[in-house]
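The structure appears below as structure tokens.
Only the coordinates and a few stated rules stand behind these numbers; no lab work does. For clarity, every value in this text was computed on a predicted model and none was experimentally measured. A quick note on method: Cβ atoms are made from the backbone with ideal geometry, for glycine too, and the neighbour counts reach across all protein chains shown.
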Amino acid sequence: MKKLCGLLVGLAMVLTAAGAAAETVAGLPVHVQKLGEGIVRVWVGDHISSTATTAFATQKGILVVDTTGIPVVDRALRGVIARELGRDDFTTLVNTHEHGDHTGGNAVYADCEIVGHELVAAGMNEALADRDRVLQWYATGIPEAEARLAALPADDPSLPSLREDLALDRLNRDVLLSGEHAPPPTRTFADRLTLDMGDTTFELYYTGGMHTASDIAVFVPRHGILMTGDTMSDRWLTDTPGCLASFIARPGVRHDFPKLLKNWEYLAQQKDRIRLLVTGHWNGELSYDGFAARVGYVRALWDGVQAEVARGATLESLFATFALDARFPELAQSPGFNRNNHAMTLMELWTVTTGQTSAADRLFALIDEGAGEAAVREVVASRGAEPARYFFMEGQLNAYGYRFLQAGRAPQAVAMFRAYADLFPESWNAYDSLGEGLLAVGDTDGAVAMYEKSLALNPENTNGRDVLARIRGGGATAAQ
Ligand SMILES: [Zn+2]
């Protein structure tokens, strides 16, 4: 499993008399950053990508943006905020999005109005349904991390970071084991909402689609602060960027690009009123230019993909038309961008525009659940059907086959590679991959036939030639 987004700190608040440097929560250092008069940003950890909670003192009480997701930490940080602001009249909590490392501490602010997008609750429920799988991951992941730590010399430079990771994993596991559920927002909105806090107004804008379905931006004109949650960052302060590591229109995330762009572009127009952009995790920084470039990227793709589709473009031609390096050179090397993320965004925009979904995704799901030959055939046979229900990406089909292979599920890998070869009969790489799968299930004759086919299509396939030579030399095994 991919590392869970976010998460934080530890048990038992150890407050020293004077606060400051030696203050820790569960062994993790507490950080306090002043963003202005009556505004503090707090978080824990030096190495982990933990959520930062920002608090504003207003005429109508303290408004807090986001929790760390671990109630024991949030309780301690609530105390730190009260001390730093010299008051404890908390009235409002805002969730920038649904992720547990932002909403998981909502119970600590149950005495406040909790404000968030109307899709936050659904996202929180989905995460709840995933609880057992996550616990299973911790059951093996935590002992593995403990063993790794124990094996390292005391002066290993990676120790401090690994220790914090482990502390965080343990805390998150304990949150799940406790069975406590965080309450969802008590006040929700769909597009925009203004919170009147007397001397300070907070403008909330729905920006969902590039991180979760429920992302919002929080603009505080009085202080010139724009908070962008986990949607983006153009500079990382650690080598563990966590949630901020990607800027992607992910499959399965509910997108509303027109609304997202309307709100983002409005905010981008407030350039002269924005003094500081604040990301959802302490270790990300965002410049106005980085923000504007990302807004421009989504606008260019959203308009561009629709125009290209109307002109009869294929998905393959889109990849060429919107090549990351050539079209968005200012972003190609920027945090959150790489060819893979960009490809995922293009595919998702293609899906949103055409209604077509990935055949590779469908095949992977079918084979994964053991749906059988006929179901797989049906997807393969649908290629060329009008209107098209799926799009077919060679690289995805191949990657899914290897995912099965790496998971030790060779028969499933063979099924995936076979579908790949059926869909792309002119692809030498498909037969090369299928050959590898067949070797893994012990079908040497079948593998030889596939490698020969691959070499016939591409005599330059040195891997195929090497494998064939090994087989003929009697050295081939299922482990090849
Ligand atoms: Zn997040």
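What GluC sites (Glu not before Pro) does region 359-445 have in DSSP loop regions with at most 12 other beta carbons within 10 Å?
Those that pass, being in a loop and sparsely packed, are GLU369, GLU426.
Return a whole-number percent for the relative contact order of region 357-472, with Cα pairs under 8 Å and 6 or more residues apart as the contact set. Intermediate values should be presented prior to the final figure.
Numbers: 136 pairs, mean separation 21.4, N = 116.
Once divided by the residue count of region 357-472, the mean separation gives 18 percent.
What ratio of Cα Rg to 2.2 N^0.38 Å holds for region 291-354? Walk me through the numbers before you get to the answer.
On the way: Rg = 11.1 Å, N = 64, 2.2 N^0.38 = 10.7 Å.
The reported ratio for this selection is 1.04.
How big is the dipole moment of region 291-354 about its Cα centre under a simple scheme where the beta carbon of each Lys and Arg is +1, that of each Asp and Glu is -1, and everything else is neutral? Debye, nearest 20, please.
With only Lys, Arg, Asp and Glu charged at Cβ, the dipole is about 80 debye.
Would you be so kind as to identify which of ALA419, ALA388, ALA440 lies farthest towards the positive end of the dipole of region 357-472, taking Lys and Arg as +1 and Asp and Glu as -1 on Cβ and the Cα centre as origin?
With unit charges placed on the Cβ atoms, the residue in question is ALA440.
Rounded, prolate or oblate: pick one for region 230-313, where a ≥ b ≥ c are the square roots of the eigenvalues of its C-alpha gyration tensor, a/c under 1.5 means rounded, and failing that, prolate if a/b is larger than b/c, else oblate.
Details: a/c = 2.41, a/b = 1.49, b/c = 1.62.
Oblate, since a/c reaches 1.5 and b/c is not below a/b.
Please work out how much length the chain gains when fully extended from ALA388 to ARG409, using 0.36 nm per residue of separation minus the C-alpha to C-alpha distance, in nm with one decimal. Intermediate results must be reported in sequence, preceding the final value.
Working: separation 21, 0.36 × 21 = 7.56 nm, distance 3.03 nm.
That works out to 4.5 nm of additional length.
Between ALA320 and ALA22, what's the calculated FRET efficiency when r is the beta-carbon distance and R0 is 60 Å? Round to 0.05.
Values: r = 57 Å, r/R0 = 0.95.
Working from the Cβ atoms, E equals 0.60.
Run the count for the chain, please: Lys pairs, Cα-Cα under 23 angstrom, 8 or more apart or on different chains.
Values: LYS34/LYS60; LYS34/LYS271; LYS259/LYS271; LYS262/LYS271.
Lysine pairs meeting both conditions in the chain amount to 4.
For region 414-452 and region 211-285, write down the distance between their C-alpha centroids in whole Å.
Spelled out, the Cα-based centre of one part sits 44 Å from the other.
Calculate log10 I(q)/I(0) of the chain for q = 0.10, 0.12 Å⁻¹, where I(q) comes from the Debye formula with a single equal point scatterer on each Cα and nothing for solvent.
Evaluating at q = 0.10, 0.12 Å⁻¹ gives log10 I(q)/I(0) of -0.86, -1.12.
Give the distance, in whole Å, between the Cα centre of region 331-368 and the Cα centre of region 113-132.
Between the Cα centre of region 331-368 and that of region 113-132, the gap is 24 Å.
Normalised by the number of residues in the chain, what is the relative contact order in percent for Cα pairs under 8 Å and 6+ residues apart? Mind dumping the intermediate values first?
Values: 839 pairs, mean separation 47.4, N = 480.
Over the chain, the number comes to 10 percent.
Using a simple spin-label model with points 7 Å from Cα along the Cα→Cβ vector, what separation in nm is obtained for THR354 and ALA456?
With each label point 7 Å from Cα toward Cβ, the separation is 3.1 nm.
Using only the alpha-carbon atoms, what does region 357-472 span along each of its principal axes? Please give whole angstrom values in decreasing order.
Taking max minus min along each principal axis of the Cα atoms, region 357-472 gives 45, 27, 20 Å.
Convert each backbone phi in region 282-288 into a coupling constant with the Karplus relation 6.51 cos²θ - 1.76 cosθ + 1.60 (shift: θ = phi - 60°), then list the ³J(HN,Hα) values in order as whole Hz, x for Gly and Pro.
Working through the residues one at a time gives 4, 8, x, 10, 9, 9, 4 Hz.
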